[in-house]
Amino acid sequence: MLLKVSEVAKRLLVDKISIIEVLIINKDELKEYIEKKSGVTYIREEGVKVISSIINGTYLEDTQSTIINDMNLNVHVNEVALEIDDSIDENIKIEEDYFRKIEEVSSLNESVNLLKTKLLNLDSILIRKNDAIMNYRNILLDDVQWISMLEEKLDYKFSNSGLDFTEGRSRGKLLDKLFVKNK
């Protein structure tokens, strides 16, 4: 069974810093009992016993054979645990990859929906502007017809008056003045 440093500290009734100091000072003796996963330090049961004996000052009295016997008994369990940990880690990686891809797809779908909304807004704006252009075009055509009719009436009145007003008042000249840019 793996325990976190804080759990070991609670079990041995010491503070977490004392456990960390023991881990640093006795790094070589404890390295086989320590595992790090995702930045979290875990200690096996045998390591907890060794840390307890170090804190109590009885570590040197413990024989190496006791530690070796404990290790031999737990070798098989540790191998199985490592296999399980490896398969769990692999499953976790697959799940993390799956959820990351789901988040990416969701984000892309949101982006696509946002772009669709923007396109629909732009399309409606273009339709409104096109309608406005057509409306103004019809108004201008009506105005041009009105101006043309007025010019015809003016030409008719000028021609019936008997006076010669050909100095720029002929039909179409007024339209030319309205729609031709000043040069």
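The values are calculated or read from the model by the stated rules, or taken from the named source; none is laboratory data. A quick note: this is a predicted structure, and the numbers were derived from the prediction, not measured. Positions of Cβ are generated from backbone atoms using ideal geometry, with glycine treated the same way; all protein chains shown enter the neighbour counts.
Summary table below
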| read-out | value |
| --- | --- |
| In the stretch 8-25, the residues that are outside any helix (DSSP H, G or I) and surrounded by 13 or more Cβ atoms within 10 Å (Cβ to Cβ) | V14 |
| Matching option when the condition is within 27 Å of S38 (Cα to Cα), aliphatic (A, V, I, L, M), modelled with pLDDT of 75 or more and assigned to a helix (DSSP H, G or I), among V80, V75, V50 | V50 |
| Members of the stretch 32-47 that are exposed (fewer than 14 other Cβ atoms within 10 Å of the Cβ) and assigned to a strand (DSSP E or B) | K36, K37, V40 |
| The stretch 1-18, residues that are under 40 Å from the mean Cα position of the chain (by Cα) and touching a residue at least 24 places away in the same chain (Cβ under 8 Å) | M1, L2, L3, K4, V5, V8 |
| Candidates K157, K129 - the one that is modelled with pLDDT under 90, part of a helix (DSSP H, G or I) and surrounded by 10 or more Cβ atoms within 10 Å (Cβ to Cβ) | K157 |
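Conditions (1) surrounded by 10 or more Cβ atoms within 10 Å (Cβ to Cβ); (2) out of contact with any Asp or Glu (no Cβ under 8 Å at 6 or more places or on another chain); (3) at pLDDT 85 or above; (4) not in a helix (DSSP H, G or I), marked per residue:
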site	(1), (2), (3), (4)
L30	yes, yes, yes, no
M71	yes, no, no, no
D85	yes, yes, no, no
D89	yes, yes, no, no
I102	yes, yes, yes, no
E110	yes, yes, yes, no
L115	yes, yes, yes, no
L122	yes, yes, yes, no
